[in-house]
Each structure stands twice: as structure tokens, then as C-alpha cells.
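> Here it is, the structure, as C-alpha cells.
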Number of protein chains: 2
Amino acid sequence: MSMKKEEVVIFGAGLVGSLLSIYMVKAGFRVTVYEKRSDPRKTNLYAGRSINLALSIRGIRALETVGLSEDLKKMVIPMKGRRMHDVEGNLTFQPYGKEGQYINSISRGGLNERLVMRAEELGVSVLFDHKCVEVDLDNTRATIQGDGQLFDIEADVMFGADGAFSAMRQSFLKQDRFSYEQYYIEHGYKELSIPPATNGDFAIAPDGLHIWPRGNFMLIALPNLDKSFTCTLFFPFEGDPSFQSIQNAQDIDQFFKKYFPDTLDLIPDLIDQYTSNPTSSLVTVRCYPWVKERCMMLGDASHAIVPFYGQGMNSGFEDCYLFDELARSHGYDWGTVLGAFQKTRKKDADAIADLALKNFVEMRDHVADERFLVQKKVEALLHELYPQEWTPQYTMVTFSHAPYSEAWNRGNLQHKVIQPFLTQDVINNPETIDHEGVINALRSVL
Amino acid sequence: MSMKKEEVVIFGAGLVGSLLSIYMVKAGFRVTVYEKRSDPRKTNLYAGRSINLALSIRGIRALETVGLSEDLKKMVIPMKGRRMHDVEGNLTFQPYGKEGQYINSISRGGLNERLVMRAEELGVSVLFDHKCVEVDLDNTRATIQGDGQLFDIEADVMFGADGAFSAMRQSFLKQDRFSYEQYYIEHGYKELSIPPATNGDFAIAPDGLHIWPRGNFMLIALPNLDKSFTCTLFFPFEGDPSFQSIQNAQDIDQFFKKYFPDTLDLIPDLIDQYTSNPTSSLVTVRCYPWVKERCMMLGDASHAIVPFYGQGMNSGFEDCYLFDELARSHGYDWGTVLGAFQKTRKKDADAIADLALKNFVEMRDHVADERFLVQKKVEALLHELYPQEWTPQYTMVTFSHAPYSEAWNRGNLQHKVIQPFLTQDVINNPETIDHEGVINALRSVL
């Protein structure tokens, strides 16, 4: 009997592809990853202040499972809540969860490099500058362009972890009955950098995610290990004000003076940065099926989301964790596992897509709203009093492993139940909430 | 000053493309249509019993405007209501509207040929076997494959009327911020033919659209000029029963005996037909924008819908009518017109897509439901009593030129308003409806 190892091919050496390759090599497969971009370690692509992401426990569990806990500790900056800046520059703080619950700012580039290194240490073959041209989904074959030539490969199973503009998905799009949606919101984003202060320290408090909520748009900032911050302006493409309406140095200056006056001292080269940094769009991708024969998409390739819940990377890492758990329980029988995974995971991918779209409105607008802040306080109190029965939606998404669809349904139900109890008295004194009344109302609709 | 005529290029010589070409040539442009399929008049593609469509007044108005009324009269078979078949073979009749209101069965192939002939008579150049490979949307240029070679064309304006799998849309998909959705329902369809009776006449009444509603699936039949009927089985791909569960002659026979016993005598070669005719899928396509510079998509290319409201062709023809009306009012200033058209029309395209999806449930299930039938009767009565204030949704869609979005909103509102009035007494005696109460309830929410 042949002892030849099964061949696993993964398209994409980004965050999800490289993590999946580690799971697969640990499970005993021969793993090859094809990545169309160049090796970031050689091209210095991620050098300097790279963009950062919010890592929370779904992502952390997935990374810990493959032995990366120690590395992580050195890579993250904990953020325990939102630090909100009003137009006068006044600051308020809103914790994300209970004492000890926080999300973590982490460099995308740094984490990605660490994952690729770990994959290679374990024997994964990662081929950069190798582009997937086409996948023959029915026969688990693909055409690759690399080293100046086209060549065909085959494998026992192929994964498309190749992001929001997935090449494998192009092959799915040629199949009959492939449902697909790409939805662009009306806002785009632009990154700006806050350098360290002259004394070498962080220029603003690094223990939170800074938000300048301005109704229809917002600026946010996350800390980096080098004591800089990466800011992102989320802003409509059209309208007034918008990326379109801001055309020259004077417009930029006036706009920031009016809406973000306390950032002017923080970003000394604002006009240069604003002018030279690109403006990017924001897309949600939904599709189904994710599987054809022995080919499967995961991560952004099958469910790209907007960044407003900080769950894009976390949901992709959770894909890897849950997929491997399921695959293990079925002895890596691909004929069963791929179909079973898409069936259980699709509703959660849809739910986090909806949650992320909804959280944009929350971040840019509601966080500045008194009623919303009171509801947050009341829900924290309910969670303290009835930890088994009431968990705020944000906590379910960010600090639990509950399926996203459960967080969506339960959170929306709680939101509905609590509204009649948020009277003017409660707005004035949140602690006077009729918590028994609320919990009974919830019980009665469950 | 040059008197050179402006060049209009249209991709697709289907129903919408050929009608649009007539509007454009009548407006004084030089018009070329590129069609990837072969000329149906040469290949006999549509010979014999072709599939038929339901033409209603939105489509009729568009055709009459370009002088096709006389031709139409010879091509249509009026259908004044639904003829419902229950499992025992009992028939009931449900009119579509008032006396004199009907929809028309028409052959797709016959109408398409007539439109192409009329276009050519007026000087449109229709090039069959010419496939659009790529459109350079920014420069109104395209690459065409035809006569065994690739060549480039340019024009002052280009229209993509090239259907649900539009080639022009592929070029839109390469643009940033193009929102796009293709959604396949769980059902597919298979066509079957009922030949004329032995006496040469229609085998069943030709004055209605026949429906065999069976809950999760249905069979329908529309009459043809040659006294045959074309039936369509709308059926789930998977589940029990489904296309998947019916595997052999015995399954087909048992299935039709159980659910459509009165069709067994009507379709003598049922097993042959079922086995050899293809099973096709059903897709809804939504996208935006429809316009880039001087390129625009219309018809199925920008808004393909499921067939259950009989509005696919009608909405495409209405696109042509409304577009030409708007263009004329702006002196065919493309820089203004294309953008203005997509802006007003998008919401109506979305509405008819939703209406069509909703009507599937109505046709396959609700038409067999007593409460639904009573509501239909009551609404007809309200329409008679308050013709300015109450128009059933079906009537707004099928027998009016009201924007689809208005039909959607108003119809859904009316549905909500009427529910509390549909008491058991009214179910038993529809004419006892408190019509003043209903109309006052509607007024109060408007």
C-alpha cells in the first residue's frame, strides 16, 4: 500500500492562506502555497509603519492552536475601549467589555511574515511570484504562472485563500448556479500616520482605539509597536464633504480644522500624506457554494467584509480553526468535510458581514449619541447581573466563540427587548433600569 | 461643420437590443448591432414550437411607438386569467384584471425575428456571429470577434443589451466600485410541449395561462399560434421531489401521475421530452452603475429577473421606451442622458426583481389558497369602487405604466392595510367587506 502523502494546494499566502497551511502541514499533508505577490521579506513591502488590524479571541484561539501564543505576546498592543474625540477635542472613554477584556492592535505585515516563516519551518513550500491563472474545479487541477512560464498542477484538495479578489472565485463564477454578490459601500478610506511624539513616546494614549465620530464619516487611529498610530479616514466618495469635494491643500486644511482640530498637531505632514496616499474602496463579498468537488474557498475569498467590526482577519482565522476541527473529526475525508464546512459556516459568514456593515453606523454616528451610550451601560449591568442570560452583542462577537449568526440574532432580539425600558429616567440614571423587567421580557420572547 | 451622423453600437440582437436599434435609427443615428449568435432566419434556430412569453402593456407601448402594432395583432394570443388545475384535474379560473384586461402569449423567436427585420428595413446593420470580446468603457471602443478575426470598433455611444450573461458587464466587473449580484434560486425549469388535439384545435382552453400549483413547485402552460402549448415545470434542483430525485422513466411517470394526472393525456411523449429537454437555472442579476462614460447596459444585462411576473421582456422594452423618451427630451446629449436614465430607472429594476421573486411563491402556492383568492376578489371590488385610490398590485404591474417601485411600495402597503379586514365572515362572503373601513385605513397611512 502506497504511503504517499496527500497533496494540499493553497492559493494565497496572506493571513488566512499561511495559517491554513500550518494547520494542514501539522495534519500530515504535503502543502504547497502559491502567492502572486513577491516575498515581503525580500521586497520590504511591509517595512515601516504598516497598517494594523484588531486581533480578538477568535483569531487568538486559531493562532494559539498552532503554537503561536508566545510570538503573539510580543506583537500586540492591547486596546481596552474606544477613546472618542469630539469636535472640541474633548475625550471620552467607552470600554469594550469587562475588566480584562480587550482587543489587540497588530501589524498585518508583521503577523503575515511570522505566519509564513512558521509555515516554512514546518515544511510548507511557499512559492511567491506564482499567480493562479485558472482552477479546474472538477479535477482539482490549476494553471499557474510563475518563473516566466505557465504550468499545470494537481492536488488532492485545493483551497482558495486568495482574498477579496480571489482567482479561484473567478473559476467558480464560470459555474452554473453560483450565487455571488460584491457590494461596495458609498464610503472609501485613506490612511494617515501619526508619528511618535518628540519625546519618543506615543503621541496619544495607546490603550484604546481612537475614534473621531462625525455622523456620516469618521477618523480612527490604532497604535503601532513603533509608537506611531495608523489613522484611517472613512469618508464618502461623493457628496459634501467627501473625497470628491476635497480637492486641494486648502480644502484639506479647512476640513481637518473644522472636524478634527486636535489631529492637526499630531499629523505634521497632513497635506502631503493626504495628497500622496491612495483612496481605496470597501467591498462586501458574499457567495455560495464555496465548494466544488475538492476545491474550497475560505476567508475573504468567500466572505470579504467591511472592516468596522474588526472581524475580517478574525473570521478568516476562525474559518481555519473550525475547518481543521471538523476535518479532524472526519479523518480528513475531503468528500465529506468540505461540504459540511460550507453548510455550517455560511450563515455565520453572512451574519458577520451584516454585523460589520451595521457597526459602521454605530462607530461613526451612534457612539456620540447619549441614548446609545446609556444602552451600552445598561447592557453591561445586565451582563454583570445575568451573565448566562444577557451578553451584549459586541461581547458575543468580540469576546466569545459563539457563532456569529447567534450573536446577530440574539443581539438584535436583545436590542428590541430593551428599547421600552430606556425611559428618560433611565437615560438620566442608567442604574435605575428595571433589570428584572428587562430579563423577564427577554425570557418571554425566547 | 461636419454633418457626420453619430455612431451608435449595440451589443446583442435579442429582444431588447433589436428594439433599441429601431429607436436609435429612427432618432437619426447610424446604428450597428453585434450579435454573437447566428442569424435565426438562416439556422432555423427558432423553428417549430418556440418558447413563448407574456407580453403586456409596458411592452406593447414600446413596440407601438416604433410602429409595430399591426404586426403584433397577428402574433399574440390573449390570456385573460389564470386557469388553475388541482390534483384531481378540477379547473378554476381567476381573471388577471377587469373585463378587457389580458396579457398576451407571444413567441420569443417570432417577435425577435420581426424586430430584427424591422431594424434592417430601417437601415440598422445587424451583424450576426460577431461576439463582443471586451469593451473599453472609458473610450467607447470594443474588440469584436467575427469572420474568423479580432477587430476593434469605436462609436459615440455603446449599449450593452446582451442579456443576463452580458459581455459588456464583464468589462464593468473590472471597474472598481461596481456593485454586482447574481442570485440563483433553488428551482430550475424544464420545458415540455402539449401538441394540438387530434382535431387540430388547442387541447386545452387557449384563453388563459394554465397553472398546476403544487406548493413548492408548479407546472404552467402558455398557448402558441400553432395550437400547441409550451409547458414549463418549475421544480427544485434538490430535495424530494426534485430534478435530482427523478432519475428514470418510472420516476417521471409516477411523479406526473401523482401531481399532474390531467397532463398525461395531453403530453403523449412525456418521458422522451422530459429526458431529452434540458434543465435550466433561474437567475436574478442586479448591479450598479449601469453607465461608464458613454457606455450603458440595459435589459437583462443590467437587471435580469426570474420569469414569474411575466415582466422580463416587458421591463426591457420599457427600458427602451423610457430611455428614448428621456434622450429625446435632452436632445440625445449622451453626457447627460445615460446618467439620468440609470438614476431614475434603478429603483424600478430592483422593484420588478423583487416582485418577480415574490410572485413565484404566489403562483406556485398562494393561488391555491382560499384566503388569497378572497383577497383578490376583495381587491377587485375595491378597485371598482375606488378606482383612483385602490389598484391591486398585479394590475399596477401588468396593466399600468406606473413605475415598478411605486407598484411595489403601494401594493405592499395595501396588503398590510387589508389584512385585519379579512375576517372569517369576509372569507365566507367576500362582498361583505367593510370597503369604507379599508379605504379609510389606507388613507390614514398615506
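> Under a crude label model (7 Å from the Cα following the beta-carbon direction), how far is A:E64 from B:N409 in nanometres?
Going from the A:E64 label point to the B:N409 one covers 5.2 nm.
> Could you tell me which of A:N216, A:Q414, A:I427 has its Cα farthest along the dipole of chain A towards the positive end, charges placed at Cβ (Lys, Arg +1; Asp, Glu -1), taken about the Cα centre?
Of the options given, the answer is A:Q414.
> If you average 1/r over all unlike Cα pairs in region A:184-281 and invert the result, what Kirkwood radius do you get in angstrom?
Computed over Cα pairs of region A:184-281, the Kirkwood hydrodynamic radius comes out at 13.8 Å.
> May I ask for the accessible area buried between chains A and B, both sides summed, probe 1.4 Å, to the nearest 100 Å²?
Chains A and B together bury approximately 1300 Å².
> Using the charge dipole of chain B (Lys, Arg: +1 at Cβ; Asp, Glu: -1 at Cβ; taken about the Cα centre), state which of B:C295, B:G239, B:A13 has its Cα farthest towards the positive end.
Final value for the positive-end residue is B:C295.
> Something else about it: State to the nearest 20 debye the size of the charge dipole of region B:184-281 about its Cα centre, where the only charges are +1 on K and R beta carbons and -1 on D and E beta carbons.
Its charge dipole is roughly 120 debye.
> Using a Gaussian network for chain B with springs between C-alpha atoms less than 10 Å apart, which of these wobbles most: B:K74, B:K36, B:K292?
Per the Cα network of chain B with a 10 Å cutoff, B:K74 tops the list.
> Taking 0.36 nm per residue of sequence separation and subtracting the Cα-Cα distance, how much length would be gained by fully extending the chain between B:E436 and B:K73, in nm to one decimal?
Working it through step by step, the gained length comes to 126.6 nm.
> Here's something else I'd like to know. I'd like the Karplus ³J(HN,Hα) series for region A:407-413: coefficients 6.51, -1.76, 1.60, θ = phi - 60°, whole numbers in Hz, and an x wherever there's a Gly or Pro.
Taking θ as phi minus 60°, the curve returns 4, 5, 5, 5, x, 5, 5 Hz for region A:407-413.
> Let me ask something else about it. Got a sec to turn the phi values of region B:288-303 into Karplus ³J(HN,Hα) couplings, 6.51 cos²θ - 1.76 cosθ + 1.60 with θ = phi - 60°, whole Hz, x for Gly and Pro?
Along region B:288-303, the couplings run 5, x, 9, 10, 9, 6, 10, 10, 9, 9, 8, x, 4, 4, 9, 7 Hz.
> So, one more: Which one of A:K343, A:K26, A:K258 has the biggest mean-square fluctuation once chain A is modelled by GNM with Cα springs under 10 Å?
A:K258
> Out of residues 5 or more away from B:T140 or on other chains, whose amide H comes under 5 Å of its own, with H placed 1.01 Å from N in the peptide plane?
B:R294
> Can you pull the one-decimal nm distance between simple spin-label points at B:M117 and B:D176, each 7 Å off the Cα toward Cβ?
With each label placed 7 Å out from Cα toward Cβ, I get 5.1 nm.
> Give me the base-10 log of I(q)/I(0) for region B:21-169 at each q in 0.14, 0.18 Å⁻¹, Debye formula, one uniform scatterer per Cα, rounded to two decimals.
Log-scaled intensity ratios, in q order: -0.84, -1.17.
> Taking loop as defined by DSSP and a crowding limit of 15 other beta carbons within 10 Å, which trypsin sites (Lys or Arg not before Pro) in region B:149-201 fit?
Those satisfying the criteria are B:K174, B:R177.
> Also: Filter the cross-link list B:K73/B:K98; A:K36/B:K346; B:K131/B:K343; B:K73/B:K257; A:K131/A:K174 down to pairs whose alpha-carbon distance in this structure exceeds 26 Å.
A:K36/B:K346; B:K131/B:K343; B:K73/B:K257
> How big is the charge dipole of chain A about its Cα centre, in debye rounded to the nearest 20, if each Lys and Arg gets +1 on its Cβ and each Asp and Glu gets -1 on its Cβ?
Magnitude of the dipole: close to 640 debye.
> At a cut-off of 20 Å², which residues of region A:267-293 become less accessible once all protein chains are present than in their chain alone, using a 1.4 Å probe?
For region A:267-293, once contacts with the other chains are taken into account, A:S281 lose 20 Å² or more.
> State, to one decimal in nm and shortest first, how far the label point of B:D251 sits from each corresponding label point in the other identical copies (label point: 7 angstrom along Cα-to-Cβ).
The answer, with the shortest distance listed first, is 6.2 nm.
> State, in angstrom, two size descriptors of region A:242-391 derived from its alpha carbons: Rg to one decimal place and Dmax to the nearest whole number.
Reported Rg and Dmax, both Å: 21.6, 63.
> Tabulate in residue order the Karplus-calculated ³J(HN,Hα) for region A:164-172, using 6.51 cos²θ - 1.76 cosθ + 1.60 with θ = phi - 60°, rounded to whole Hz; enter x for Gly and Pro.
Whole-Hz 3J(HN,Hα) from phi for region A:164-172: 4, 10, 2, 6, 4, 5, 4, 6, 4.
> Please give the Cα centre distance for region B:414-445 versus region A:88-136, rounded to the nearest Å.
So the two Cα centres are separated by 59 Å.
> Between B and A, which B residue has the Cβ nearest their rotation axis, distance in Å?
Of all Cβ atoms in chain B, the one nearest the axis gives B:E181, 2.
> With heavy atoms of protein chains only and a 1.4 Å probe, what residues of region A:173-190 have at least 50 Å² less accessible area in the full set of chains than alone?
Listed by number, the residues meeting the 50 Å² cut-off are A:R177, A:S179, A:Y180, A:Q182, A:Y184.
> When the scattering of chain A is computed by the Debye formula from its Cα atoms alone, each counted once and equally, what is log10 I(q)/I(0) at q = 0.05, 0.10 Å⁻¹?
The computed values of log10 I(q)/I(0) come out as -0.19, -0.77.
> Of all accessible surface on the protein assembly as shown at a 1.4 Å probe, what whole percent is carbon and sulfur?
49 percent
> For chain A, modelled as a GNM with alpha-carbon contacts under 10 angstrom, which of A:Y34, A:Y386, A:Y321 fluctuates the most?
A:Y386
> Using a simple spin-label model with points 7 Å from Cα along the Cα→Cβ vector, what separation in nm is obtained for B:D272 and A:D136?
Inter-label distance under the simple model: 3.8 nm.
> Between A:H366 and B:R328, take the C-beta separation as r, use R0 = 51 Å, and let me know the FRET efficiency to the nearest 0.05.
Approximately 0.60, to the nearest 0.05.
> Something else now. Which translational diffusion coefficient, to the nearest whole µm²/s, is obtained for region A:406-446 from the Stokes-Einstein equation, given a Kirkwood hydrodynamic radius over C-alpha pairs, 4 °C and 1.567 mPa s?
Translational D for this selection: 121 µm²/s.
> Using only DSSP helix segments of four residues or longer, with each worth -39500 (n - 2.57), what per-residue ellipticity at 222 nm results for the protein assembly as shown after dividing by its residue count and rounding to 500?
The helix-only estimate for the protein assembly as shown comes to -12000 deg cm²/dmol at 222 nm.
> Now for a separate question. If you wrap a convex hull around the C-alpha atoms of region A:369-445 and split its volume per residue, what is the figure in Å³?
86 Å³
> Tell me, in nm to one decimal, what length is gained between A:L446 and A:K98 on full extension, where the rule is 0.36 nm per residue of separation less the Cα-Cα distance?
Stretched out fully, the A:L446 to A:K98 stretch lengthens by 122.8 nm.
> Still on this model: If you scale each eigenvalue of the Cα gyration tensor by 5 and take the root, what three semi-axes come out for the protein assembly as shown, rounded to whole angstrom and sorted largest first?
51, 34, 31
> Calculate, for region B:307-349, the solvent-accessible area per residue in square angstrom, rolling a 1.4 angstrom probe over the heavy atoms of the protein chains.
Ligands and nucleic acids excluded, the figure is 34 Å² per residue.
> Would you kindly compute the Cα radius of gyration of region A:247-317 and its largest Cα-Cα separation (Dmax), both in Å?
For region A:247-317, the Cα-based Rg and Dmax read 19.2, 57 Å.
> Could you report region B:184-281's accessible area per residue, 1.4 Å probe, as an integer in Å²?
In whole numbers, region B:184-281 has 43 Å² accessible per residue.
> Name the residues of region B:217-264, by number, that are at least 30 Å² less accessible with every protein chain in place than in the isolated chain; the surface is that of heavy atoms, probe 1.4 Å, without ligands or nucleic acids.
The answer is B:F237.
> Applying 1/(1 + (r/R0)^6) with R0 = 35 Å to the Cβ-Cβ distance of A:R108 and B:T336, what FRET efficiency is obtained, to the nearest 0.05?
0.20
> Next question. Roughly how many debye, to the nearest 20, is the charge dipole of the protein assembly as shown about its Cα centre, given +1 on each Lys and Arg Cβ, -1 on each Asp and Glu Cβ, and no other charges?
I would put it at about 340 debye.
The values are calculated or read from the model by the stated rules, or taken from the named source; none is laboratory data. Note that this is a predicted model, so its numbers are computed, not measured. Note that each Cβ is placed from the backbone with ideal geometry, even for glycine, and that neighbours are counted across all protein chains shown. These accessible areas exclude ligands, DNA and RNA; they are computed on the full protein's heavy atoms, side chains included. Shrake-Rupley method; radii C 1.70, N 1.55, O 1.52, S 1.80 Å.
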